[in-house]
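The values are calculated or read from the model by the stated rules, or taken from the named source; none is laboratory data. Nothing here was measured: the structure is a model prediction, and the numbers come from that model. Ideal geometry is used to build each Cβ from the backbone, glycine not excepted, and the neighbour counts take in all protein chains shown. For the accessible areas, the whole protein counts, side chains as well, though only heavy atoms, and no ligand, DNA or RNA atoms are used. Shrake-Rupley method; radii C 1.70, N 1.55, O 1.52, S 1.80 Å.
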Amino acid sequence: MTREEVENGRDDMLIDGDEVEQRRLENAVPEGFNADYLKAYYGKIFPYVDMFKWMSYGNDGKHPGCDHSYFGRREFSFTLDNDIYLRFQSFNTVSELENAIKEKCPFKIDIGPVYSVDPSKRHAYSQGGDNVFMPVEKELVFDIDISDYDDARYCCSGADVCLECWPLMTIAIKVIDTSLRDDFGFSHILWVYSGRRGVHCWVCDGKARRLNNEQRAAIVDYFRVYKGNENNSKKVSLVGPALHPFLVRSYTEVLKDYFEKRLLSSQNLFLNEERFEKILEMIPDESVTSELRGRWLSNKRSREEINVARWDQLKNLLQSNKQKGQGLRRCIEEIVFTFTYPRLDMEVSKHMNHLLKAPFCVHPKTGRVCVPINPKNCEEFDPSAVPTLSQLLGELNTGGFKGEGDSEWDGTSLGDCVRYFRESFLQPLLKSCKEEIETSYNAKVQQSRNSISW
């Protein structure tokens, strides 16, 4: 090939690339959120079959041990435009679920418990006088909202979030996920981005779904480190001569490094007097706080090094030979916990009848899809890179990417999210559910044979 041919070939490639970009721009959809966008999303992309299989937990099969009423006893809630709220929706098949969502076009879908009877027919059962309508199964769920960390971050507040404060959510995922697996023995755990300012956790093991309210509350209390009944003061109290092994693991494996290597500088926790006074209030010894305050007020450092230097001074003083009290040395850990430890919405987790937003919904304020998060590499998750409704529709307009399957989502940037949900979460879960159904069925058959023999 001659140099001229090479150059012409290079020009041709550039032209082809320009055409692809031009086609993308021509088919781009303006950013935003509206009912028309949502109808297209529900009509083309939403993974109905995967959601149905998840919520069925293997009971949609042909095995004689399957409970074919299971999915139909699950509550779904739809929030429509103008905040019209439809609770106790139920469906018997994936087609019914799909048709209802396409028809009503909910701005939000919440998932509730599996009830003892079809929730849409609850009034008919209540007329009989017996209280037969009650929740019998629900995933153990956790809701973590970054707005609950507003006293621990200075880059954002309220619903705003950026890459400087998002590590707080990464910490929460790492700490809670490890404990759920190692301390409680759960295996089938789904983490989901809420679409705006937080994360949701679904623990889907059979033993988790069948926990009663008291057992759920006990698990929530296991994670509690804040004083009082609420998180209002955000004051950590690490009591006892030694920390619980769970807290030690969380501190040494996650909290300490994230605090010192990320949040200390990114949030400028010691930048000025107002900020460092909040930290000094956590130290119960006036002589220590006075000495540190005097050093910091008289010694002005550059913005870049001031946080690390002041933190090192605080640690060295509390750990020095003349400061041997257990309470003072524990202050270092309490400060780290105060600024990093997961802040759970306790009430969401305690009650079976609490609803939680479904994965793959679209958040109406951001237009971002509630996508799964892989806890194994959650530190790589970027909330600002999550697919938006308009982005997905633009990809559909251009014919999408070259997908491997025949599903329309497979040709969009949501494809990897659905594949992760299916391959890493759903398939192992369903395998476990089918084994559980088989074991339970065989046990019942054996029990029946034994009673007949007797």
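Values for this structure:
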{"quantity": "Projected label distance in nm at Glu253 and Arg449, using a 7 Å step from Cα toward the beta-carbon", "calculated": "4.3"}
{"quantity": "Unit charges on C-beta of K, R, D, E only; dipole of the range 240-380, Debye", "calculated": "160"}
{"quantity": "Contour excess over end-to-end distance, with Cα ends at Thr439 and Asp36 and 0.36 nm allotted per residue", "calculated": "140.4 nm"}
{"quantity": "Listed pairs Lys53/Lys365; Lys138/Lys278; Lys174/Lys431; Lys278/Lys357; Lys256/Lys365; Lys207/Lys365 exceeding 32 Å between Cα atoms", "calculated": "Lys138/Lys278; Lys278/Lys357; Lys256/Lys365; Lys207/Lys365"}
{"quantity": "Along each principal axis, Cα extent of the chain, largest first, Å", "calculated": "91, 74, 48"}
{"quantity": "Part-to-part distance (alpha-carbon centres) for the range 142-187 and the range 429-454, which is given in Å", "calculated": "40"}
{"quantity": "Solvent-accessible area, 1.4 Å probe, carbon plus sulfur percent, for the chain", "calculated": "48"}
{"quantity": "Most positive-pole-ward Cα, Ser320, Leu140, Ser77, against dipole of the chain from beta carbon charges", "calculated": "Ser320"}
{"quantity": "Among 31-42, 47-58, the order from most to least packed when residues are scored by Cβ within 10 Å on average", "calculated": "47-58, 31-42"}
{"quantity": "Highest average packing first - 365-374, 443-452, 208-217, Cβ atoms within 10 Å", "calculated": "365-374, 208-217, 443-452"}
{"quantity": "Helix-only CD estimate at 222 nm, as mean residue ellipticity for the chain, using -39500 (n - 2.57) per DSSP H run (n ≥ 4)", "calculated": "-13000 deg cm²/dmol"}
{"quantity": "At most 12 other Cβ within 10 Å, DSSP loop - GluC sites (Glu not before Pro), the range 359-454", "calculated": "Glu404"}
{"quantity": "Residue among Ser298, Gly367, Asn268 farthest towards the positive dipole end of the chain, charges placed on Cβ", "calculated": "Ser298"}
{"quantity": "Per residue accessible area in Å² of the chain, where ligands, DNA and RNA are left out and the probe is 1.4 Å", "calculated": "49"}
